[in-house]
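**Q** Shown below is the structure under consideration.
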């Protein structure tokens, strides 16, 4: 661990020097403002199939992007070669591109007073596998355990994988910001094949953590994949009609992701969101609150600052169903007449909550809904953020009287996101730590389901 930390510090120092020198050179070359992002990723990825290693990949990528502003004209260039000559050429390219760009009064780096000044150790950087054999053993173990599930319905494993990646980078700009950071991510997954009545189904599971020691056990991952695979066998459509739909905690990630995209500054200033002009207005029922917290140690959404160096802070984008803020980076904030709230690069840890009477165990959720569709898989890209129109292929199961009846496939669920978010009725207690968005299963009433 000590050698790991020493290597990380050395890499951070190296990248900090490169970033600071590049900013200085760009300013000397005539840039009014400059931002530099330099760094890369290293790690290992292993795949296994038929109980043996299928592929091993070691990766080590480096790169740099240089963005300059001159007379509010923006130019950006990148390079994977970090030699002084290549960096000088990259700066020249960025300056040349800026000279041909149109002036934009909103273009520029983040405001100095918004830049992060206090940095906490968020516990997001850990060593990976002790050696390549450990990654190999994990992937092969998952694949072989999956193969042991084989019976009349489960046909066997469709492969497994394990990976570890260490990200190290530095962001610097001409407002005096220069900060290097590192983070690690480790994951593993497996997929099972099942067949019934000549119809093949797949079910998969995964585990993700900052370090290998915190991954779920291979037995737990395989058990979840087997449960999902068996749960899809014998699936068939339901009759077209209006149903209550429960988005399981996995499917809810996509739904809440649509909401986050719709309140993103880029979509708002371009007038490409159904939530334009909704700041300070009701966008969800009064019993819904969404809290964002980038300060949780070791979490997948932990960060001190965003991609522009602006401080990441705890907030509530939605309070009692009212939209309190858009997700803004510097450019989108200026276009809208606001200031950045640290969202260059996306969201952090989100917690979707409802009041106690509407937060239920999953079985209670089924009983409360009575009859409808549980959706645990979504397919296609049928969410139009401009209009809010929503139409996605889906799979899951039909339930009645609070009990599962049969698996469902080949259906389409449809509605309008504006109405869907206003009809969030209940939420499950079944949060999943594997996701950045902490949201239990969501019950949405009155959705159109197209089947047979």
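The values are calculated or read from the model by the stated rules, or taken from the named source; none is laboratory data. What you are looking at is a predicted structure, and each value in this text was computed from that prediction instead of being measured. We place every Cβ from the backbone using ideal geometry, glycine too, and count neighbours over all the protein chains shown.
**Q** If you check every pair at least six apart or on different chains, which have Cβ atoms under 7 Å apart with a residue in the range 78-90 that is free of Cβ contacts under 8 Å to residues at least 12 places away in the same chain first and a residue that is in a strand (DSSP E or B) second?
**A** 86/79
**Q** If you go through the range 426-452, how many residues are modelled with pLDDT of 95 or more, out of contact with any helix residue (DSSP H, G or I) (no Cβ under 6 Å at 6 or more places or on another chain) and farther than 16 Å from residue 254 by Cα?
**A** So the answer is 1.
**Q** What's the number of the only condition in (1) within 19 Å of the chain's Cα centre (by Cα); (2) touching a residue at least 24 places away in the same chain (Cβ under 8 Å) that residue 314 fails to meet?
**A** Failed condition: (2).
**Q** Is it the case that residue 183 is under 25 Å from residue 46 (Cβ atoms) and either outside the structural domain of residue 221 (by TED's automatic domain parsing) or crowded, with 23+ Cβ neighbours inside 10 Å (or both)? Quick ask: steps written out before the conclusion?
**A** Working: under 25 Å from residue 46 (Cβ atoms): yes; either outside the structural domain of residue 221 (by TED's automatic domain parsing) or crowded, with 23+ Cβ neighbours inside 10 Å (or both): no.
It is false that residue 183 is under 25 Å from residue 46 (Cβ atoms) and either outside the structural domain of residue 221 (by TED's automatic domain parsing) or crowded, with 23+ Cβ neighbours inside 10 Å (or both).
**Q** Further question: Check off (1) in contact with a strand residue (DSSP E or B) (Cβ under 7 Å, 6 or more places away or on another chain); (2) closer than 30 Å to residue 5 by Cβ; (3) surrounded by fewer than 20 Cβ atoms within 10 Å (Cβ to Cβ) for residue 171 and give me the number that stays unchecked.
**A** Condition not satisfied by residue 171: (3).
**Q** Have a look at 9, 49 and point out the one that is surrounded by fewer than 20 Cβ atoms within 10 Å (Cβ to Cβ), farther than 21 Å from residue 307 by Cβ and in contact (Cβ under 8 Å) with a residue 40 or more places away in the chain. Step through it out loud before you land on a result.
**A** Numbers: 9 fails: in contact (Cβ under 8 Å) with a residue 40 or more places away in the chain.
Residue meeting the stated conditions: 49.
**Q** Of these, 390, 435, which one is farther than 22 Å from residue 286 by Cα and not in a strand (DSSP E or B)?
**A** Numbers: 390 fails: not in a strand (DSSP E or B).
Answer to the selection: 435.
**Q** Of everything in the range 214-264, what is farther than 23 Å from residue 194 by Cβ and part of a helix (DSSP H, G or I)? Give them in sequence order.
**A** 214, 252, 253, 254, 255, 256, 257, 258, 259, 260, 261, 262
**Q** Step by step: first the residues of the range 102-115, then only those that are part of a helix (DSSP H, G or I) and touching a residue at least 40 places away in the same chain (Cβ under 8 Å), then the one that is surrounded by the fewest Cβ atoms within 10 Å (Cβ to Cβ). Which residue is that?
**A** Let us first name the residues in the range 102-115 that are part of a helix (DSSP H, G or I), namely 112-114.
If we keep only those that are touching a residue at least 40 places away in the same chain (Cβ under 8 Å) as well, we get 112, 114.
Details: 112: 12, 114: 20.
That would be 112.
**Q** Just checking, which of 291, 295 is in a strand (DSSP E or B) and assigned by TED's automatic domain parsing to the domain that holds residue 359? So that I can check it myself, show each step before the final result.
**A** Values: 295 fails: in a strand (DSSP E or B).
Unique residue meeting the criteria: 291.
**Q** What's the total number of residues in the range 349-374 that are part of a strand (DSSP E or B) and either over 26 Å from residue 317 (Cα atoms) or not assigned by TED's automatic domain parsing to the domain that holds residue 399 (or both)? Give the steps one after another, and end with the answer.
**A** Going through the range 349-374, the residues part of a strand (DSSP E or B) turn out to be 350-354, 359-360, 371-374.
From what is left, the residues that are either over 26 Å from residue 317 (Cα atoms) or not assigned by TED's automatic domain parsing to the domain that holds residue 399 (or both) are 371-374.
The number of residues fulfilling the criteria is 4.
**Q** Still on this structure, I have one more. Just checking, which of 118, 99, 93, 141 is part of a helix (DSSP H, G or I) and surrounded by fewer than 16 Cβ atoms within 10 Å (Cβ to Cβ)? Working first, answer last.
**A** Details: 118 fails: part of a helix (DSSP H, G or I); 93 fails: surrounded by fewer than 16 Cβ atoms within 10 Å (Cβ to Cβ); 141 fails: surrounded by fewer than 16 Cβ atoms within 10 Å (Cβ to Cβ).
Within the list 118, 99, 93, 141, the selection yields 99.
**Q** Hey, can you tell me all the residues within the range 357-381 that are surrounded by fewer than 15 Cβ atoms within 10 Å (Cβ to Cβ) and closer than 20 Å to residue 452 by Cα?
**A** Start the filter on the range 357-381 by keeping residues that are surrounded by fewer than 15 Cβ atoms within 10 Å (Cβ to Cβ), which leaves 357, 361, 363-364, 367, 370-371, 379-381.
Passing the criteria: 371, 379, 380.
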